[in-house]
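Report on one structure; see the data block that follows.
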2 protein chains.
Amino acid sequence: MSSTIRIAIDAMGGDYGPESALPGAKLALKAHQGLDICFLIFGDEKKINPYLEKYPDLKKISIVYHTDKMVLNGEKPSAALRASKGTSMRLAIEAVAQGKADAVVSSGNTGALMAMAKIVLKTVPGIHRPAIASIFPAKDSDTYMLDLGANVLVDAENLVQFAVMGSAFAIAHSKVTRPRVGLLNVGTEDSKGPDHVRGAAAILSRVSFPGEYIGFVEGNDITNGSVDVVVSDGYAGNIALKAAEGVGKLTSHYFKKYFAKDIFSIFGALFCFFAIKRLKNKVDPRLYNGGVFLGLNGICVKSHGGCDPLAFSTAMKLAISMAQNDYVKNIGKDINALMSQETFLSEETL
Amino acid sequence: MSSTIRIAIDAMGGDYGPESALPGAKLALKAHQGLDICFLIFGDEKKINPYLEKYPDLKKISIVYHTDKMVLNGEKPSAALRASKGTSMRLAIEAVAQGKADAVVSSGNTGALMAMAKIVLKTVPGIHRPAIASIFPAKDSDTYMLDLGANVLVDAENLVQFAVMGSAFAIAHSKVTRPRVGLLNVGTEDSKGPDHVRGAAAILSRVSFPGEYIGFVEGNDITNGSVDVVVSDGYAGNIALKAAEGVGKLTSHYFKKYFAKDIFSIFGALFCFFAIKRLKNKVDPRLYNGGVFLGLNGICVKSHGGCDPLAFSTAMKLAISMAQNDYVKNIGKDINALMSQETFLSEETL
């Protein structure tokens with residue numbers, strides 16, 4: 001890794017393409033003044049260059065790699081993968097694989113991005129399946145959660161690996177040295193939940209790994225600060241993530257609606273400006289945008305498809321923060337240490 | 001059904017027992033002034049009577065049925081069921097089965113309540129499994145969602161029945177005449193999600209039922225007003241419910257924290273009093289407390305175990321509203337109409 005942080009940007013992904021990615025990159029750059037950063041921007045130069053003309057600071061540290069080809073949002077991952085050669089998404093991932101960039105950010109088609117990242121970056125030896133992890137706001141802390149949708153169906157062993165990968169993510173990204181790890185379930189009693197979750201509990205309660213297994217956790221624990229890493233299959237994890245996002249958006253909808261309703265509220269809101277700003281900063285889902293693909297030989301951050309510039313800048317910041325860490329190597333080491341523990345396979349079945 | 005609305009209350013359930021149930025019943029009564037209501041209160045009279053002395057209006061319309069026995073919160077449903085005779089929970093459910101009450105409300109052990117309600121009230125003929133449904137706040141409307149935890153593992157046919165039961169609930173409880181029904185999934189494309197969800201989609205897109213099947217919905221759709229009934233297995237449904245509750249609680253935590261931080265905010269908040277109140281009323285999970293067991297011969301409402309009086313009163317209000325409806329009979333009729341459709345079984349497998 002050179003001392004310059006180099007981020008590859010797929011500028012054509014998501015609902016808004018360059019319209020969100022370029023102003024987003026500018027915001028991320030502004031937030032990292034003083035850091036030696038370089039952006040490698042992949043996509044249609046006709047659409048990208050007008051933004052660079054508008055933002056000279058961004059232009060100064062960016063290199064544009066032109067391509068007309070892009071992955072469509074609705075495309076099936078398998079079809080997108082077959083036709084991926086030369087697309088902005090694929091070229092951006094390849095930049096990481098070739099060592100030209102430290103991380104890639106895309107708000108494109110999640111399935112296609114994961115399929116391409118797996119093929120191009122390849123899985124860390126020992127890891128069976130990569131997972132998507134993200135950061136949730138919690139009471140006085142953050143919660144790291146995975147998988148958020150890469151793997152709908154998983155087995156107990158996959159969940160155990162996710163627990164290790166999530167612990168490494170939390171250690172790399174926060175001040176926590178031994179994260180509390182919980183398995184997402186419908187109750188905390190041992191008898192609760194589907195087989196793969198109970199199977200993972202049986203393993204995690206016996207093996208040692210960089211986190212501390214604290215048992216089953218429920219949906220409300222994601223945000224109450226009682227757990228650092230929440231482990232789930234991609235089915236429940238994705239639904240929980242989006243349900244939480246939905247409540248965040250609903251709150252902000254009602255916030256705007258009610259605070260603009262009468263003159264007293266508008267006047268009062270002026271006095272509460274900083275309180276409202278602090279609250280918005282805590283519950284605004286755009287400030288928690290960005291899913292990190294864990295378990296690959298390279299950093300790949302998926303931004304929400306419907307992201308605006310602010311949300312895209314959050315995903316960019318996550319990529320920049322991850323690029324300054326060597327957490328990927330640690331995951332491989334931790335996984336191999338875990339898998340070599342004698343108890344692992346023998347305890348896999350309940 | 002007599003013209004008096006008669007609600008059986010298990011006063012000993014949940015974390016707070018009579019401490020939350022009795023003041024909660026009082027709040028519910030106050031909200032229904034003018035309605036002919038009677039409460040049948042089951043539990044320890046030594047703990048119940050002091051509240052009735054304190055609230056003469058409540059005392060006037062209540063009958064206390066004393067029992068020393070109660071179901072413990074941590075008890076396994078099977079053990080609770082075996083030892084259930086004479087407990088406040090069982091007696092309250094039996095009051096509905098015997099026609100002495102129109103609905104029962106309990107904040108006790110969910111598993112035990114469901115097991116007991118199934119045994120005592122029995123499933124509506126044609127329905128394979130009862131489900132827990134609840135109401136979520138959404139943009140300018142409410143969303144009806146099920147199952148929220150009664151059935152961790154379900155098949156496609158169970159989900160289809162939940163769609164019918166949820167539609168009946170929405171029709172009975174709201175002004176919607178033909179609710180939009182969606183299957184909760186990790187994406188909206190046909191190829192997404194686990195087998196039972198895709199199997200249910202294949203059936204629902206071909207049969208006719210009182211709702212309108214609109215396809216897969218995602219977690220954020222629960223609160224964005226784009227769907228009236230969200231159908232899920234109890235695993236993802238419970239996790240989504242609690243994740244959403246968690247975000248609601250986190251928001252209210254930060255609300256208090258930031259608005260009390262400086263004198264400007266406190267002063268401003270006074271002016272925003274009504275706006276804040278309206279906002280709180282929309283996102284306070286206590287105002288959306290109460291899961292209805294659908295598919296049984298009788299109305300059973302489960303209140304959150306950790307509910308305070310306000311939250312318990314919400315569950316009471318839901319029971320009172322349901323008791324004024326003959327939705328249960330409709331569910332049986334709708335299910336039988338659905339199951340007799342020729343296409344049903346032949347389309348069950350993908």
_Just checking, does the range B:101-120 include any residue being within 12 Å of another protein chain (Cβ to nearest Cβ) and either over 27 Å from residue B:248 (Cβ atoms) or polar (S, T, N, Q) (or both)?_
yes
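Condition (residue is at pLDDT 75 or above, hydroxyl-bearing (Ser, Thr, Tyr), assigned by TED's automatic domain parsing to the domain that holds residue B:153 and within 28 Å of residue B:177 (Cβ to Cβ)) applied to the range B:234-244: is it met by at least one residue?
So far as the range B:234-244 goes, no, none of its residues is at pLDDT 75 or above, hydroxyl-bearing (Ser, Thr, Tyr), assigned by TED's automatic domain parsing to the domain that holds residue B:153 and within 28 Å of residue B:177 (Cβ to Cβ).
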*Pick from the range B:176-197 the residues that are farther than 20 Å from residue A:110 by Cα, among the hydrophobic types (A, V, I, L, M, F, W, C) and in a strand (DSSP E or B): which of them is farthest from the other protein chains (Cβ to nearest Cβ)?*
B:181
*List the helices (runs of 4 or more DSSP H) that sit entirely inside the range B:37-152 and contain at least 3 residues that are over 21 Å from the mean Cα position of the chain (by Cα).*
B:45-54, B:56-60, B:77-82
_Lone qualifier among A:34, A:43, A:24, A:13 - being within 15 Å of residue A:108 (Cβ to Cβ) and modelled with pLDDT under 95_ = A:13
*Among the residues of the range B:153-174, write down those that are part of a loop (DSSP other than H, G, I, E, B) and at pLDDT 90 or above.*
B:153, B:154, B:155
*Which number in (1) within 12 Å of chain B (Cβ to nearest Cβ); (2) touching a strand residue (DSSP E or B) at 6+ places or on another chain (Cβ under 8 Å); (3) modelled with pLDDT of 85 or more marks the one condition that residue A:297 misses?*
(1)
*Can you find even one residue in the range A:164-172 that is more than 19 Å from residue B:195 (Cβ to Cβ), surrounded by fewer than 24 Cβ atoms within 10 Å (Cβ to Cβ) and assigned by TED's automatic domain parsing to the domain that holds residue A:218?*
yes
*Every residue from the range A:200-222 that is closer than 15 Å to residue B:248 by Cβ and in a loop (DSSP other than H, G, I, E, B)*: A:218
*Answer yes or no as to whether residue A:261 is at pLDDT below 85 and in a helix (DSSP H, G or I).*
no
*Under 7 Å between Cβ atoms, at least 6 apart or on separate chains: pull out the pairs that start in the range B:110-135 with a residue that is under 12 Å from residue B:161 (Cα atoms) and end on any residue that is of a type in the set (D, E, K, R) and in a loop (DSSP other than H, G, I, E, B).*
B:131/B:147
*List pairs: first in the range B:11-35 and more than 12 Å from residue B:55 (Cβ to Cβ), second among the polar types (S, T, N, Q) and part of a helix (DSSP H, G or I), Cβ under 6 Å, 6+ apart or cross-chain?*
B:12/B:88
*Filter the range B:223-239 for residues that are closer than 14 Å to residue B:170 by Cα and not in a loop (DSSP other than H, G, I, E, B); which is nearest to the other protein chains (Cβ to nearest Cβ)?*
B:230
_If residue A:78 meets every condition in (1) hydroxyl-bearing (Ser, Thr, Tyr); (2) within 30 Å of residue B:193 (Cβ to Cβ); (3) surrounded by 15 or more Cβ atoms within 10 Å (Cβ to Cβ) apart from one, which number is that one?_
(3)
*Looking only at residues in the range B:124-163 that are of a type in the set (S, T, N, Q) and more than 21 Å from residue B:199 (Cβ to Cβ), which one is surrounded by the fewest Cβ atoms within 10 Å (Cβ to Cβ)?*
B:141
*Can you find a residue in the range A:181-188 that is surrounded by fewer than 22 Cβ atoms within 10 Å (Cβ to Cβ) and either assigned by TED's automatic domain parsing to the domain that holds residue A:337 or not basic (Lys, Arg) (or both)?*
yes
*Within the group B:131, B:117, which residue is in the same structural domain as residue B:184 (by TED's automatic domain parsing) and farther than 20 Å from residue B:311 by Cα?*
B:131
*Which residues, counting only those in the range A:54-108, are closer than 20 Å to residue A:23 by Cβ and in contact (Cβ under 8 Å) with a residue 40 or more places away in the chain?*
A:70, A:73, A:88, A:89, A:92, A:103, A:104, A:105, A:106, A:107, A:108
*Mind checking whether some residue in the range B:94-104 is among the charged types (D, E, K, R), in the same structural domain as residue B:231 (by TED's automatic domain parsing) and surrounded by fewer than 24 Cβ atoms within 10 Å (Cβ to Cβ)?*
no
*Pairs under 8 Å by beta carbon, first residue of a type in the set (Phe, Trp, Tyr) in the range B:322-335, partner at pLDDT 70 or above, six or more apart or different chains?*
B:327/B:168; B:327/B:169; B:327/B:171; B:327/B:172; B:327/B:173
*Some residue of the range B:32-52 being on the phi > 0 side of the Ramachandran plot, assigned by TED's automatic domain parsing to the domain that holds residue B:117 and crowded, with 16+ Cβ neighbours inside 10 Å*: yes
_Unmet requirement for residue B:144, which otherwise passes all of (1) more than 15 Å from residue B:240 (Cβ to Cβ); (2) more than 14 Å from every other protein chain (Cβ to nearest Cβ)_ = (1)
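Does residue B:91 fit the bill of being aliphatic (A, V, I, L, M), closer than 13 Å to residue B:11 by Cα and at pLDDT below 95?
So residue B:91 does not fit the description; no.
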_residue A:211 in contact with a Lys or Arg (Cβ under 7 Å, 6 or more places away or on another chain) and either surrounded by 23 or more Cβ atoms within 10 Å (Cβ to Cβ) or away from chain B (no Cβ under 14 Å) (or both)_ = yes
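The values are calculated or read from the model by the stated rules, or taken from the named source; none is laboratory data. Please read all numbers here as calculations on a predicted model, not as lab measurements. FYI the Cβ positions are ideal-geometry reconstructions off the backbone, even for glycines, and counts take in every protein chain you see.
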